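Here is the structure we will look at.
The values are calculated or read from the model by the stated rules, or taken from the named source; none is laboratory data. Since the structure is predicted, the reported quantities are computational estimates derived from the model, not experimental observations. Every residue, glycine as well, gets a Cβ built from its backbone with ideal geometry; the counts of neighbours run over all protein chains shown.
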Amino acid sequence: MLPELIVIRHLLTVLHGRWQALRADPDAAYSTEAVIVTALLAALALTAVGIIVAKVVSSANNINTNGP
């Protein structure tokens, strides 16, 4: 057998084993919904931080440093 086919066969065997393990215990992996909700919460957090940074920078740029 060609060496490339041995590597591919081993890879498929490992994938099959992992797939069977996930199918045996469906609670072992994250559900799609949990991943999507986590991604949305992370995006909202980054948006909030961006808005706060923009407001702070804007306020800092409006500080008069020319003296009285």
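Quick grid of which residues meet (1) under 26 Å from the mean Cα position of the chain (by Cα); (2) loosely packed, with under 10 Cβ neighbours inside 10 Å; (3) of a type in the set (Phe, Trp, Tyr); (4) in a helix (DSSP H, G or I):
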residue	(1), (2), (3), (4)
Ile8	no, no, no, yes
Glu33	yes, yes, no, yes
Lys55	no, no, no, yes
Ser59	no, yes, no, yes
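Residues to consider are Ala24, Ala34, Ala28; find the one that is touching a helix residue (DSSP H, G or I) at 6+ places or on another chain (Cβ under 7 Å), on the phi < 0 side of the Ramachandran plot and modelled with pLDDT under 85.
Testing whether each residue is touching a helix residue (DSSP H, G or I) at 6+ places or on another chain (Cβ under 7 Å), on the phi < 0 side of the Ramachandran plot and modelled with pLDDT under 85 leaves just Ala28.
Determine, yes or no, whether Leu15 is at pLDDT 85 or above and either in a helix (DSSP H, G or I) or surrounded by 10 or more Cβ atoms within 10 Å (Cβ to Cβ) (or both).
Spelling it out, Leu15 is indeed at pLDDT 85 or above and either in a helix (DSSP H, G or I) or surrounded by 10 or more Cβ atoms within 10 Å (Cβ to Cβ) (or both).
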